[in-house]
1. Do you know which residues across the range 146-168 are surrounded by 13 or more Cβ atoms within 10 Å (Cβ to Cβ) and of a type in the set (Gly, Ala, Ser)?
2. Of all residues in the range 120-138 being touching a strand residue (DSSP E or B) at 6+ places or on another chain (Cβ under 7 Å) and within 16 Å of GLY29 (Cβ to Cβ), which is surrounded by the most Cβ atoms within 10 Å (Cβ to Cβ)?
3. Residue check, GLY256 against (1) under 16 Å from the mean Cα position of the chain (by Cα); (2) open to solvent by 70 Å² or more (accessible area, probe 1.4 Å), all met but one. Which one?
4. Under 7 Å between Cβ atoms, which residue pairs at least 6 apart in sequence (or on different chains) link something in the range 130-141 that is within 14 Å of ASP207 (Cα to Cα) with a partner that is surrounded by 13 or more Cβ atoms within 10 Å (Cβ to Cβ) and β-branched (Val, Ile, Thr)?
5. Go through the residues of the range 180-197 one by one and say whether even a single one is closer than 13 Å to LEU117 by Cβ, touching a Leu at 6+ places or on another chain (Cβ under 9 Å) and of a type in the set (A, V, I, L, M).
6. Among the residues of the range 116-174, what is the count of those that are under 16 Å from the mean Cα position of the chain (by Cα), of a type outside the set (A, V, I, L, M) and within 30 Å of ASP190 (Cβ to Cβ)?
7. Do we have ALA34 as within 13 Å of the chain's Cα centre (by Cα) and free of Cβ contacts under 8 Å to residues at least 40 places away in the same chain here?
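The values are calculated or read from the model by the stated rules, or taken from the named source; none is laboratory data. Just so it is clear, the model here is predicted, and its values are computed rather than measured. Reconstructed Cβ throughout: ideal geometry from the backbone, glycine too, with neighbour counts over all protein chains shown. In case anyone asks, the SASA skips ligands and DNA or RNA and just uses the protein heavy atoms, side chains included. Shrake-Rupley method; radii C 1.70, N 1.55, O 1.52, S 1.80 Å.
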Amino acid sequence: MPIASRPGIDLYYEAHGPEDAPGLIFAHGAGGNATSWWQQVPEFADRHRVIVFDHRGFARSPCRPEKQLATEFEDDLIAIMDAAGVSRARIVCQSMGGWTGVRAAVKYPDRIGGVFLANTPGAVQTPETIDNLPILRDRIEKAGGLGGLAISQEYIQRWPAGGLLYRQINAYNAGHIPNIHDPAVYISPDQVRASGVPFWVLASDLDVLFPDTMLNAVARAIGAEYRHVAGAGHSTYFEMPVEFNIVLREFLGATG
């Protein structure tokens, strides 16, 4: 299987689509892995070199708990790009994946053609994200983990099979403990703007982890385009893939 090696870890990735097509990388959240993007890969691999991967500590990229550091995410991404032969790419980030996209854009702006933050502020530190942090932790603790909040109850009631599939994909992430709340991980809005990388932010009204009002404020702080999808929870890409893919195509058209 394709592997990108870094000190102490082998990172699993997949490459789909023409080798000479523009790079498009999907960075999953803490409830997912490379498999999560099954509704996006076939839609975009005809015109893009699509890369999906397992973050360190997830699914097929196991590592020791002390090595599950979000401060390594951007270098992991570049290692995957190098291994896949992708010199420059746009990054689609869901939830935790936003930490990867934001940090990569700031550290490697010449390699990143755009960042699409889906239901995530990424590592951007604003008054709104700081205020949301204790609320986020409290909700996850009361729910007994992220799994009960990552997709909406409305979606599970509408399509129980989809809810089961989400839980099955998540079950392959045994032992993952991403340290995305380390103060060293965070990036200021000024750093994001200074990167010169175009950002878009997508939010949904049923997202109980990163509310749309907070994400709208983050978009304004970093000078990003803002889009909203009604009727979806935290995992818009999974719950409403048609609507998600439409907005993503708009982003690709604007940043190509």
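1. GLY147, GLY148, ALA150, SER152, GLY162, GLY163
2. Step by step, filter the range 120-138, then rank; the result is GLY122.
3. With (1) under 16 Å from the mean Cα position of the chain (by Cα); (2) open to solvent by 70 Å² or more (accessible area, probe 1.4 Å) applied to GLY256, the lone miss is (1).
4. Partner pairs satisfying both residue conditions: ARG139/VAL208.
5. no
6. Residues in the range 116-174 being under 16 Å from the mean Cα position of the chain (by Cα), of a type outside the set (A, V, I, L, M) and within 30 Å of ASP190 (Cβ to Cβ): 5 in total.
7. yes
Conditions (1) closer than 19 Å to PHE199 by Cα; (2) free of Cβ contacts under 8 Å to residues at least 24 places away in the same chain; (3) among the polar types (S, T, N, Q); (4) crowded, with 24+ Cβ neighbours inside 10 Å, marked per residue:
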| residue | (1), (2), (3), (4) |
| --- | --- |
| HIS55 | no, no, no, yes |
| ARG64 | no, no, no, no |
| GLU72 | no, no, no, no |
| ILE80 | no, no, no, yes |
| GLY97 | yes, no, no, yes |
| THR100 | yes, no, yes, yes |
